[in-house]
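Right, one structure below, let's go through it.
The values are calculated or read from the model by the stated rules, or taken from the named source; none is laboratory data. The model shown is predicted, which means the values in this text are computed figures rather than measured ones. Every residue, glycine among them, receives a Cβ derived from its backbone with ideal geometry; neighbour counts consider all protein chains shown.
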Amino acid sequence: QKCPFGVIENYRDRLPMDGIDEIVTLGEGSTPLVPAPRLGAELDSSVWIKVEGSNPTGSFKDRGMTMAMTKALADGSKAVVCASTGNTSASASAYATRAGMTPVVLLPQGKIAAGKLAQAVVHGGRIIQVLGNFDDCLRIARELAENFPVSLVNSVNPYRIEGQKTAAFEIVDVLGDAPDIHALPVGNAGNITAYWKGYGEYAADGPASHTPRMFGFQASGAAPLVLGHDVDDPETMATAIRIGRPASGDLALAALDESNGLIEAVTDEQILDAQAFLAAREGIFVEPASATGVAGLLKLKSESRLEPGQRIVITVTGNGLKDIDTALSRTTLSTEAVEASTDKVAALLDFHS
Ligand code: F0G
């Protein structure tokens, strides 16, 4: 069955699709690579933002989920399971439902943004709130998949990484080559692993002349890769990356090493400032965790640790509408009530003819 859209259709010859006919897709990928001139001026570089919140369920997870669900369906799975800080559960619920499979999602209780929980609910996810954090949820999800007939669709599933690497392909296809630096948030460390794989494959056989330096950024209260050890009680307002034991940590460290990259921590304050900058100056509304790459580069710049004149791509991973509570928590909603009269509104606005 030919499917006219989605990352599998676009990059089928670079994905492990042998023996698979039926594709599960919602039209993910082909997300905008938006030039960010004001951020570029701050960083003294040419900057593009890869807006992954434009995917069908509002985050980059959809790229991996089309592959993981396509594979699970081909294997005859009836149910899938994932642990999630929110976005994976939203994506898994949508794609599993689309494929006619039952989604089971394990969430750290009380630590999921409302928009993401709403997505899992409306897509018919079997939602289990675990009295623990993401790392506990992932341990349980892995054990369920080992012992029961249910497929694991977290990014430890190699098909997830395969799907997510297509974001690197798209960037090179648009820019004509790889950037000098690619910056992104790091939580469970699947996405940085996937980008590095994609850039490497494109550099190996033609489309790109080189690979970028990978710059990963974690929240300071949940920064195991920066600290060099697991964190038992990770804490950050950027709940999407509230993770203390990144499952793909070793692969991420290898990517940083091979790419001459770096991994650093940024505070919640710096993350929220970056989120506000993107929204108010560039017109791009992302969820807090998604602004971590921007926060990291602004931090490097402020410490005179960023060379000028670089070509920089920053992935913003999820849509701002997923977590409006955090976005509004630092603003006072000032609205003014006025009579339903154009003259009155014009006067209020200080408009004079
Ligand atoms: N940004 C957002 C918005 C995320 O949801 C995640 C991960 C990341 C960044 C980090 O990506 O884990 O590949 O390093 N969210 C997962 C989830 C853990 O369950 O939705 P990573």
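Among the conditions (1) modelled with pLDDT of 95 or more; (2) at positive phi; (3) surrounded by fewer than 24 Cβ atoms within 10 Å (Cβ to Cβ), the only one that Gly110 does not satisfy is (1).
Applying the condition of being in a helix (DSSP H, G or I) and hydrophobic (A, V, I, L, M, F, W, C) to the stretch 305-353 and asking which residue is nearest to the chain's Cα centre (by Cα) yields Leu321. Counting the residues of the stretch 222-249 that are more than 19 Å from the chain's Cα centre (by Cα) and either within 11 Å of the ligand (Cβ to nearest atom) or not hydrophobic (A, V, I, L, M, F, W, C) (or both) gives 5. Hey, does the stretch 30-51 have a residue that's surrounded by 23 or more Cβ atoms within 10 Å (Cβ to Cβ) and out of contact with any strand residue (DSSP E or B) (no Cβ under 8 Å at 6 or more places or on another chain)? Within the stretch 30-51, none of the residues are surrounded by 23 or more Cβ atoms within 10 Å (Cβ to Cβ) and out of contact with any strand residue (DSSP E or B) (no Cβ under 8 Å at 6 or more places or on another chain). Do we have Ser248 as surrounded by fewer than 18 Cβ atoms within 10 Å (Cβ to Cβ), out of contact with any Pro (no Cβ under 9 Å at 6 or more places or on another chain) and of a type in the set (Gly, Ala, Ser) here? It is false that Ser248 is surrounded by fewer than 18 Cβ atoms within 10 Å (Cβ to Cβ), out of contact with any Pro (no Cβ under 9 Å at 6 or more places or on another chain) and of a type in the set (Gly, Ala, Ser).
Here Arg38 fulfils each of the conditions (1) away from the ligand (no atom under 16 Å from the Cβ); (2) at pLDDT below 95; (3) of a type outside the set (Asp, Glu) apart from (2).
Considering only residues in the stretch 43-54 that are away from the ligand (no atom under 16 Å from the Cβ) and in a strand (DSSP E or B), the one that is nearest to Leu297 (Cα to Cα) turns out to be Val47. If the condition is being touching a residue at least 24 places away in the same chain (Cβ under 8 Å) and assigned to a loop (DSSP other than H, G, I, E, B), then the stretch 22-42 contributes Glu22, Ile23, Val24, Thr25, Leu26, Gly27, Glu28, Gly29, Ser30, Thr31, Ala36. Tell me the helices (runs of 4 or more DSSP H) entirely within the stretch 183-292 that contain at least 2 residues that are within 19 Å of Ile161 (Cβ to Cβ) and touching a strand residue (DSSP E or B) at 6+ places or on another chain (Cβ under 7 Å). Hits in the stretch 183-292: 190-204, 249-258.
Screening the stretch 315-332 for residues that are more than 12 Å from Ala113 (Cβ to Cβ) and in contact (Cβ under 8 Å) with a residue 40 or more places away in the chain and picking the one that is nearest to the ligand (Cβ to nearest atom) gives Thr317.
When the stretch 251-267 is examined, which residues are found to be farther than 15 Å from Asn191 by Cβ and either surrounded by fewer than 24 Cβ atoms within 10 Å (Cβ to Cβ) or at pLDDT below 95 (or both)?
Asp257, Glu258, Asn260, Leu262, Glu264, Ala265, Thr267
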